[in-house]
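A.B. asks: Handing you a structure now.
The values are calculated or read from the model by the stated rules, or taken from the named source; none is laboratory data. In this text, all values refer to a predicted model and were calculated from it rather than measured experimentally. Cβ atoms come from the backbone with ideal geometry, glycine included; neighbour counts cover every protein chain shown. Ligands, DNA and RNA are stripped out before the accessible areas are found, and what is left, the full protein with its side chains, is counted by its heavy atoms. Shrake-Rupley method; radii C 1.70, N 1.55, O 1.52, S 1.80 Å.
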Amino acid sequence: TILLLDFGSQTSHLILRCLRSLNIYAEMLPCTTKIADLTWKPKGVILSGGPASVYDEAAPHADPAVFDLGVPILGICYGCQEIAWRANSANVAAGEAREYGHADVTIKKVEGADHVNKLFQGLGEEMHVYMSHFDKLVKLPEGFTILASTPNSEFAGIAHETKPVFGVQFHPEVEHTPRGVELFKNFAVDICGARQHWVMSDFIQHEIQRIRKLVGPKAQVIGAVSGGVDSTVAARLMTEAIGDRFHAVLVDNGVMRLNECQQVKETLEKHLGINLTVIDGADLFLSRLKGLTEPEAKRKVIGSTFIDLFEEEAIRIEKAAENTPNAGKVEYFLQGTLYPDVIESLSFKGPSATIKTHHNVGGLPARMMNGQGLKLIEPLRELFKDEVREFGRQLGIHEDLVMRHPFPGPGIAIRIIGEVTPERVAIARKADHIFISMIREAGIYNEMSQAYAGLDTNRAVGVMGDARVYGYIIILRAVTTTNFMTAEPYEFKFDLLKKIARRIVNEVDGVARVTYDITSKPPGTIELE
Ligand code: XMP
């Protein structure tokens, strides 16, 4: 196991992901962790980046015992400055300008010192890297040698001449450092001697143990499920850990897809043995949506109605548990938050940057937590989508669910431009069902990341038989994306698109036209609202 000490960088989790991709297990702990409190000895230590300045009085510092462990250490950005500052506080100072973005580092081979050359081994003479720092090393710490430089940062990579202590100013963990993973491999495998035998099932066992310990023998946990892969994986994991003391709640908000509620109920209850309650809120949601046309207003009403129903259910669960032998309070709230959700919510914070009240991070728990004193459990918080899918497979979740496209919390409501009415929902639902079924039949469902049929509440004229019709416009949307922050329209065979359009106009009453949205994101978004 590698110990990752986190100094608060937004990319610290990416270090874990890089190591996991090499089948190496690492544990991330706060930078202030005391080595004496560890019950295990790490094979190596990585010090992450962070937003502070090492020379500030309030700056966080690693336990000095880290440096006495005798295991290899790699400092990244702030972590590198921490190493230099520890040698001599005059080694680090503010730079003249923030260095932010791509840089090419020149790798220097140190003659007769193979042990220090190991870090950049196999990476050639130049490496494309990503820099993001203001402070920098202004002096080479005593006993260290230079491994890599850029015109701007003479000490972009350093190593101690005799001890296995390394530092890099750039961020090898981000995508923009394309060969960063190789650097981690050099460090973890060749320098630390870590074994590459970590597998997803280890992570699952580890999480189950952690959850059991955290929740204890009595407390109850509730969590909302949607039928999507994230909440299903989280719910299945929780069930494995604490059985029926986990209560999954599915709220039918009236804007789900055709037969979705029944299908989710069947899968979660029957196939996955999850203790599930379905709340029928369709009429309440639709009545509260009446008259609303503004997208954010729609989202807010759906969010708050959801919490109203969810809170009622939490109270009911607790009451019902009172009469059982292992009655315990509902103390925890499960969320299937993934790492990209965490990042997106962070970067979307602040009045100017709120593009959409996205995802469930933030809003939902805030009221639940404050109102009821619930504590949050987020077992998938470190994982990326592809990892959660793998996780799901290991938990025995069916491939169709594992590969399911994401579906937003506000459902069809943000796929109808303008006011949501039961009639419009029914139309969009039917058109969507035809669209998705035809995509599945064509065997191309997994080629796209998300697809749906939305509805424009303006109407257009058409002719059917000999009659003039005046009906809604269906907007088909299908995109490919890796991270949902940018997306491209999926390139359908035109013939298939025409067939889809024909079926929708023929089979869905009230539709006069079908269009295909070919806007990229940006400037468009994936959902219509
Ligand atoms: P956009 O439309 O912003 O969507 O390009 C990016 C991804 O986020 C999903 N999305 C949401 N998910 N609540 C959610 O739970 C929302 O309000 C919401 N808005 C967008 C969207 O489906 C896509 O996967």
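A.B. asks: Give the accessible surface of the range 227-309 per residue, rounded to a whole number of Å², with probe radius 1.4 Å and ligands, DNA and RNA excluded.
C.D. replies: Numbers: 3220 Å² over 83 residues.
I get 39 Å² per residue for this part.
A.B. asks: Continuing with this model, one more query. Please list, ordered by chain and number, the residues whose modelled amide H lies under 5 Å from the amide H of Ala442; skip anything fewer than 5 residues away on the same chain.
C.D. replies: Residues meeting the criterion, in which the H sits 1.01 Å from N, do not exist here.
A.B. asks: Follow-up. Over the range 34-90, with the other protein chains present, what is the accessible area per residue in square angstrom, probe 1.4 angstrom? Can you show the working numbers first?
C.D. replies: Values: 2450 Å² over 57 residues.
Ligands and nucleic acids excluded, the figure is 43 Å² per residue.
A.B. asks: Which chymotrypsin sites (Phe, Trp or Tyr not before Pro) in the range 39-125 pass both tests, a DSSP loop state and at most 15 other beta-carbon atoms within 10 Å? Let's see the in-between values first.
C.D. replies: Details: sites: Trp40, Tyr55, Phe67, Tyr78, Trp85, Tyr100, Phe120; in loops: Trp40, Tyr55.
Here the sparse-neighbourhood loop sites are Trp40, Tyr55.
A.B. asks: Now, a different point. Taking only protein heavy atoms into account and a 1.4 Å probe, give the accessible area per residue of the range 131-200 in Å². Numbers along the way, then the final one.
C.D. replies: On the way: 2890 Å² over 70 residues.
On a per-residue basis, the range 131-200 sits at 41 Å².
A.B. asks: If you keep only loop residues by DSSP, which trypsin sites (Lys or Arg not before Pro) in the range 221-310 have at most 14 other Cβ atoms within 10 Å of their Cβ?
C.D. replies: On the way: sites: Arg236, Arg245, Arg257, Lys265, Lys270, Arg288, Lys290, Lys298, Arg299, Lys300; in loops: Arg257, Lys290.
Qualifying residues, ordered by number: Lys290.
A.B. asks: Roll a 1.4 angstrom probe over the protein heavy atoms and tell me the percent of accessible area of the chain that is carbon or sulfur. Working shown, then result.
C.D. replies: Values: 12400 of 24100 Å².
Summing carbon and sulfur atoms, their accessible area is 51 percent of the total for the chain.
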